[in-house]
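Notes follow once the structure below has been shown.
The values are calculated or read from the model by the stated rules, or taken from the named source; none is laboratory data. Fair warning: this is a prediction, and the values are worked out from it, not measured in the lab. For neighbour counting, all protein chains shown are included, and Cβ atoms are generated from backbone atoms with ideal geometry for every residue, glycine included. Side chains included, ligands, DNA and RNA excluded: accessible areas come from the protein's heavy atoms. Shrake-Rupley method; radii C 1.70, N 1.55, O 1.52, S 1.80 Å.
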Amino acid sequence: MIIFDDVSVTYADSTRPVLSHVNLQIPEGELVLVVGRTGSGKSTLLRCVNGLVPHFTGGTLSGRVTVAGRDTRTHPPRELADVVGIVPQDPMSGFVTDIVEDELAYGMESLGLPSDLMRRRVEETLDLLGLAHLRNRSLMSLSGGERQRVAIGAVLTTHPSVLVLDEPTSALDPGAAEEVLAALQRLVHDLGVTVLLAEHRLERVVQYADRVIVVPGDGMPILVGTPDHIMIDAPVAPPVVELGRLAGWSPLPLSVRDARRAAGPLRERLAPLVDDAARRSRSTMHVIAGTPALSLSDVSVRHGQVHALRGINVAVDKGEIVAVMGRNGAGKSTLLGTLVGLHTPGSGSASVGGSAPSSLKGRSLIRRVGLVPQEPTHLLVADSVGEECRATDHDCNLTPGTTRTALDRLAPGVSDDMHPRDLSEGQRLALALAVVLAADPPVLLLDEPTRGLDYVAKKQLVSTLRSLAAEGRCVLLATHDVELVAEVATRVLVLADGEIVADGPVTDVVMGSPMFAPQISKVLSPQPWLTVAEVAAALEPAS
Amino acid sequence: MNRRSAHILGEKAAPRWTHPGAWWVWALGLATAASRTTNPLLLALLIAVAGWVVSRRRPDAPWARSYAVFLRLGLAVIAIRVGFAVLLGSGIGTHVIVTLPELPLPSWAAGVSIGGPITAEELLTALYQGAVLAAMLACIGAANSLASPTRLLASVPAALYEVGVAVIVAMSFAPQLVADVSRVRTARRLRGRSDRGIRALAGSAMPVLEGALERAIDLAAAMDSRGYGRVGAASAQTRLIARILLLVALMGICVGVYALLDGGTPGALALPLLALGCIAAITAMLLAGRRTARSRYRPDPWALPEWLVSASGVVAGAVFVVTSMIDPIALTGPTAPPAWPALPLLPVVALMIAALPGLVTPLPPGSRAFRGASAGESSASESAASERTTREEVPA
């Protein structure tokens, strides 16, 4: 179905090829997962399939890409629109119309399909993806998961034989991600669609993949293989795989189900160690009781008709790392926004370091609380890293070079003259963190920090957050990433419809939940293990 | 007839989009009416009628909030117009309200005066003239709120499609820009910088423009990969002729409409230009219609409600145009001497007719008005209603 024949891609402004000599054959009806670090060329590989590279992006492509017998050299993206459907990373950026139903029909209109056929296919697609109740809604009013499903539906209506998705679940809560993946499964199994998808969250998708393509980056040759083969020595792997490696299981489990069936003996070995581990597991906690670093009492916030927060009561101490979880649209971002004064509570009061955040301005605000927004670039204003650091030093009255040093500690080797846009996700997050931490706020808020982060960058973030908490800062992070929560958080808040539905230590809150439990906890329940590192640490003295 | 129309008109009819073209005809009719009168009572009534229709038939979409923006723009126009009258007043009239100190100007600037006596006549003239512009802006704002830009695009003939896309992308640029500005201001707050003032504005200009440009490129990529602009069967020559005709048509229509709205241009110029534009447009469409491979999903029908909407606008416009020829005094706000304006009967009736669309059109699908009507929204059930909205926003 898709054939890459000795394909190399070099962009106009660089000397090194992004992809070099890629040979690849993907047969019909396969679900292929593309993994690799940020900036390794995953997106380039995906965009080659429908000719966006090089017809749209520029650059030089040597070799030949053939899709359903059509050469992308002679067929620009619009001439491949009936064969390949491509869903961009941010679904909003690909929407052409403003109503769900019209968006689904757009591609078919471009292809000139007869109207009765369009009518039928729109209805079928609405049902297939569970969108029927949203048909007349404005696209702007949809939640992240709904948008993603509409974006998939919009390319499905033309019945493409190939579907290409760039990180379809990165912005979604676990429930919504499962919905999207279930829909993809159905397309592959029932309709024989070939699916090519890039994703960082291996734990979500690896068990569905027929094959995995590893793009190592820097023009090194790509690796292709079945998931269990690739996972044996992959540098990055989902927690079940790491557990499998630790316990020496063969074949390596890829899903929680496989791992649970193999985990019987391991659970027996771990059973006597549970109490000991419970004492040790959170020994890294540095909670300083006393005056809470931040508190919300009976806070309600409204956006027009929507009650984003209702009667929130919470106090967080210094040294705590609190994860705020909940589905898309549950009020997580509003909660963080309220704490930096972006939203004024309609009733109740918010307090950060003793004052109401909405009354603070300028330096007095950033000295008390810092927020790293979902899109770190939104915080960055200058057009080079060096300029950004100098501006921050100036803003915070620091000796020149302080921010730069902080950045080097968080992410070494970022050159001064790079544009923030050209950094990898991890480096960008580090830069935003350095900017926010320059004012030395005792309260740090992060909104979806692991979105788009690869495993290496995520490890870096985990250690950064731990050391920040050890310094006595209080960290609040809104996230969908259950593995990150298991790794780093000391406490979890679960929001639903703007209300707190759970608040407590990580183990208590996530253990029983089918949505929020990390993979290790699902494999080893009812024992209270959350991460591979915990299991490894417990086994060490025993063995 | 009566019985049948009960099912396709008004709130009882199945919710559907009213043809955007009908709304634009209606709004342009009202705008024509506004351009022919300086009577403040009629202008206020006209703005109220437009606002009432908008409030009853506005769909629940981001672009539908533009009516308030246009109203504010109208107020600004009035303020500027009156401000200039105060500053550069020539002192015509006898009812002096206040005399400002006059700035002495050199002899070469004779005829221009800054400050000096301000008369009621002058102020009223400025106020009424500003109000005319404000009313016309309100009409445009009403059309913007009622007619979805993308549905308008969908009903644009195939030949005009490419021009239409350019216009629509430009139109969606504006609300996005507003969102970007607020995003950048948030960022400035988080960086501890002031979020108001000239420096803040200068500091946010670059990121905002960059973001807008990036999105335009993303949109172009998305449209391309979804088959936009696939080539049909027509030859290059036909396409060229169609494009030239299209340009002529657009110019003819624009100039014609301008002439119609601007009372100063003789009607003899307006109508032929409009006719020429329409003929060119139809020819271009016939020529280019052959080449495009597009089809249309559920086109908005042009049925009885559409006829009524456009007719009510045309009637209002026509009544004002005719009255301005027969009885111009009725439509003029009296300024010399200042007096309470009369309320002529016929134009008022015409404006009442122009309010009909608020009653006869079907509700737009998924609008708040529709949800409220179906669920009997009341203040007591407000929390239930909000629960419903939140639940709808979250996948079950």
Discussion item. Between the stretch A:319-347 and the stretch B:177-191, what is the separation of their alpha carbon centroids in Å?
Written reply: 18
Discussion item. If you take each beta carbon of peptide A:96-103 and count the beta carbons of other chains within 10 angstrom, what is the mean?
Written reply: 6
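Counting only other chains, what is the mean number of Cβ atoms within 10 angstrom of the Cβ of each residue in peptide B:179-187? If you can, show how the numbers build up before the last one.
Working: counts 1, 1, 0, 1, 3, 2, 1, 7, 8.
The mean count of partner-chain Cβ atoms within 10 Å per residue comes to 3.
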Worksheet item: Per-residue accessible area for A:Thr15 at 1.4 Å probe radius, Å² rounded to 10?
Response: 130
Item to complete: Taking the dipole about the Cα centre of chain A, with the C-beta of Lys and Arg at +1 and of Asp and Glu at -1, give me whichever of A:Pro76, A:Gln148, A:Thr405 is farthest to the positive side.
Response: A:Thr405
Item to complete: Would you work out which of A:Val35, A:Leu163, B:Leu153 lies farthest towards the positive end of the dipole of the protein assembly as shown? Charges go on Cβ: Lys and Arg +1, Asp and Glu -1.
Response: B:Leu153
Discussion item. Only four residue types carry charge here, +1 at the Cβ of Lys and Arg and -1 at the Cβ of Asp and Glu. Report the dipole size of the protein assembly as shown about the Cα centre in Debye, rounded to the nearest 20.
Written reply: 1400
Worksheet item: From the backbone phi of the stretch B:30-36, what are the Karplus-calculated ³J(HN,Hα) couplings (6.51 cos²θ - 1.76 cosθ + 1.60, θ = phi - 60°) in whole Hz, Gly and Pro given as x?
Response: 4, 5, 4, 4, 4, 6, 9
Worksheet item: What does the accessible area of A:Val523 come to, in Å² to the nearest 10, when a probe of 1.4 Å is used?
Response: 0
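If you place +1 on the Cβ of every Lys and Arg and -1 on the Cβ of every Asp and Glu, how big does the dipole about the Cα centre of chain A come out, in debye to the nearest 20? Working shown, then result.
Details: 49 positive and 64 negative charges, 182 e Å.
Its charge dipole is roughly 880 debye.
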Discussion item. How tilted is helix A:425-437 with respect to the longest principal axis of chain A? Cα atoms for both, answer in degrees (0 to 90, nearest 10).
Written reply: 20
Discussion item. With angles folded into 0 to 90 degrees, how steeply does helix A:100-111 sit against the dominant principal axis of chain A? Use alpha carbons for both and round to 10.
Written reply: 30
Item to complete: Please work out whether the protein assembly as shown counts as rounded, prolate or oblate from its C-alpha gyration tensor, where a ≥ b ≥ c are the square roots of the eigenvalues and a/c under 1.5 means rounded, while otherwise a/b larger than b/c means prolate and anything else oblate?
Response: prolate
Item to complete: On each of the three principal axes of the Cα atoms of the stretch A:294-528, give max minus min coordinate, whole Å, ordered largest first.
Response: 49, 43, 32
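Where Lys and Arg each count +1 and Asp and Glu each count -1, what net charge lies around B:Arg16 among other residues with Cβ under 14 Å from its Cβ? Walk me through the numbers on the way to the answer.
Details: positive: A:Arg135, B:Lys12, B:Arg57, B:Arg151, B:Arg298; negative: A:Glu101, A:Asp102, B:Glu11, B:Asp300, B:Glu306.
Net of charged neighbours comes to 0.
Run lengths n ≥ 4 of DSSP H only: what is the helix-derived mean residue ellipticity at 222 nm for chain A, with -39500 (n - 2.57) per run over all residues, to the nearest 500?
On the way: 22 runs with 202 residues, N = 543.
It comes out at -10500 deg cm²/dmol, rounded to the nearest 500.
For chain A, what does the relative contact order come out to in percent, with C-alpha contacts under 8 Å and a separation of six or more?
Numbers: 1053 pairs, mean separation 77.1, N = 543.
Rounded, it is 14 percent for chain A.
Could you give the dipole magnitude of the stretch B:1-96 about its Cα centre, charging the beta-carbon of Lys and Arg +1 and that of Asp and Glu -1, in debye to the nearest 20?
The dipole of the stretch B:1-96 has a size of about 380 debye.
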Worksheet, complete the sentence: Once the dipole of the stretch B:13-114 is set up from charges on Cβ (+1 Lys and Arg, -1 Asp and Glu), the residue from the list B:Leu100, B:Ala14, B:Val54 lying farthest towards its positive end is B:Ala14
Worksheet item: What percentage of all Cα-Cα pairs in chain A are separated by more than 46 Å?
Response: 15
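Other chains near A:109-116: what is the mean number of their Cβ atoms within 10 Å of each residue's Cβ?
Details: counts 9, 10, 6, 8, 4, 1, 5, 0.
Mean shielding count: 5.
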Fill in: Lysine-lysine proximity count for the protein assembly as shown, Cα under 29 Å, sequence distance 8 or more or distinct chains
12
Worksheet item: Rg and Dmax of the stretch A:2-235, Cα atoms, in Å?
Response: 17.3, 52
Practice prompt. Write down the accessible area per residue of chain A in Å², having rolled a 1.4 Å probe over the full set of protein chains.
Written response: 38
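Which order, highest average first, do A:212-222, B:125-135, B:330-340 follow once you tally other Cβ atoms within 10 Å for each residue and take the mean per peptide?
Values: A:212-222: 17.7, B:125-135: 21.5, B:330-340: 16.0.
Averaged packing, sorted descending, gives the order B:125-135, A:212-222, B:330-340.
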